[in-house]
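The values are calculated or read from the model by the stated rules, or taken from the named source; none is laboratory data. Given the structure is predicted, the values throughout are model-derived calculations rather than measurements. Cβ placement follows ideal geometry from the backbone for every residue including glycine, while neighbour counts extend to all protein chains displayed.
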Amino acid sequence: MIRYPNALDEIETAVSAEAKGWLKKAQTRTSLFAKLGRYTNEIEATTGKKKKLSDFWGDVKPLYMRRQYNKCVYCETRLEGGAAGNIQWDLEHFRPKSAVSRWPSAKSTLLYDFDMGDSATVGYYLLAYHLHNYAAACKTCNSPYKSDHFPIGGERIFGLAHPDDYVGERALLVYPLGNGDDDPEDLITFTGERAEPKYTKEQDLHKWRRGRVMIDFFDLNRDGLQAQRAAWLLAVWSNRLLADKGEPFALKSLERLRSPRIPYSNCTKCFLDMCSANRPDAEKLIPILEEIVRISEDG
């Protein structure tokens, strides 16, 4: 995960230009939810029958995809852009719009010595159409991992109209769009292809908890994701070796590999930093990465 600064300002400007009428529709729908005290996708018509309300947050999904460089906001996997990519993506609600399920569930093998908030039958209904509560995520990260969960370190708050109003919840997940105070790279680091909390319990207990929870919550060390990052880092390593020999193309590519536009940019920067600061440790990772890729290819 990385932060995408200025993304929300750009999205708000783009909505007015590219999705005309969306903001007015969002305001009308939010007023309905405020009146009802909950999110709903149907209302009672004058005939007494239920009338379906079409959700329209998907209309702004491409705006988030572009501002995230066509990367999942959580795992940084690159997906297609444009019309074809639109099928691969979900526009995910950071705070769930309806019910909130407790995480981890009773069936989970994950164990923590701290609480992460109760479940709730009414979710963050006033944020269902708030532009600061959206992000573009791959379908894997959004479902089943994100789903309707939202772990917090404080007391759950409902019925407020802006995401900034919920700071008292002490969210354990990070919303990485915009210029907020939270930076995923200050919470999650990488050793090779493997995600790890950047802080230990002794260094900063709250930051350790957030890093640990985000890694577990999105299963950022799942086999398939590790294999993709391992293959990517092997390509980065090959580029690093060519750059060491002064190859002009490799030197130029090395600059690009520190860009937020590339897939797995947090992981890549951590690996390149290791190559510069501790080359022997970086070299020791190469056979491990090769073995991960081999196992993945062998099925």
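Results, tabulated for the structure shown:
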read-out	value
Yes/no for V100 being buried (at least 17 other Cβ atoms within 10 Å of the Cβ), under 14 Å from the mean Cα position of the chain (by Cα) and among the β-branched types (V, I, T)	no
Pairs, first more than 25 Å from N142 (Cβ to Cβ) and buried (at least 18 other Cβ atoms within 10 Å of the Cβ) in segment 200-218, second modelled with pLDDT under 95 and not basic (K, R), C-beta under 6 Å, six or more apart	none
Which listed residue is out of contact with any strand residue (DSSP E or B) (no Cβ under 9 Å at 6 or more places or on another chain), modelled with pLDDT of 95 or more and of a type in the set (D, E, K, R), from K284, K245	K284
Hey, N221 within 20 Å of N70 (Cα to Cα) and modelled with pLDDT of 95 or more or not	no
Failed item in (1) assigned to a helix (DSSP H, G or I); (2) out of contact with any helix residue (DSSP H, G or I) (no Cβ under 8 Å at 6 or more places or on another chain); (3) not assigned by TED's automatic domain parsing to the domain that holds D118, with Q203 passing the rest	(1)
Output for segment 132-146, where each listed residue is touching a helix residue (DSSP H, G or I) at 6+ places or on another chain (Cβ under 6 Å) and surrounded by fewer than 22 Cβ atoms within 10 Å (Cβ to Cβ)	H132
Filtered residues of segment 9-35 (kept if over 15 Å from W57 (Cβ atoms), under 26 Å from the mean Cα position of the chain (by Cα) and in contact (Cβ under 8 Å) with a residue 12 or more places away in the chain)	D9, E10
Checklist (1) surrounded by 12 or more Cβ atoms within 10 Å (Cβ to Cβ); (2) assigned to a helix (DSSP H, G or I) applied to P280, failing item	(1)
Cβ pairs under 8 Å, 6+ apart, first in segment 52-78 and touching a residue at least 24 places away in the same chain (Cβ under 8 Å) and among the polar types (S, T, N, Q), second crowded, with 17+ Cβ neighbours inside 10 Å and part of a helix (DSSP H, G or I)	Q68/A7; T77/L225; T77/Q228
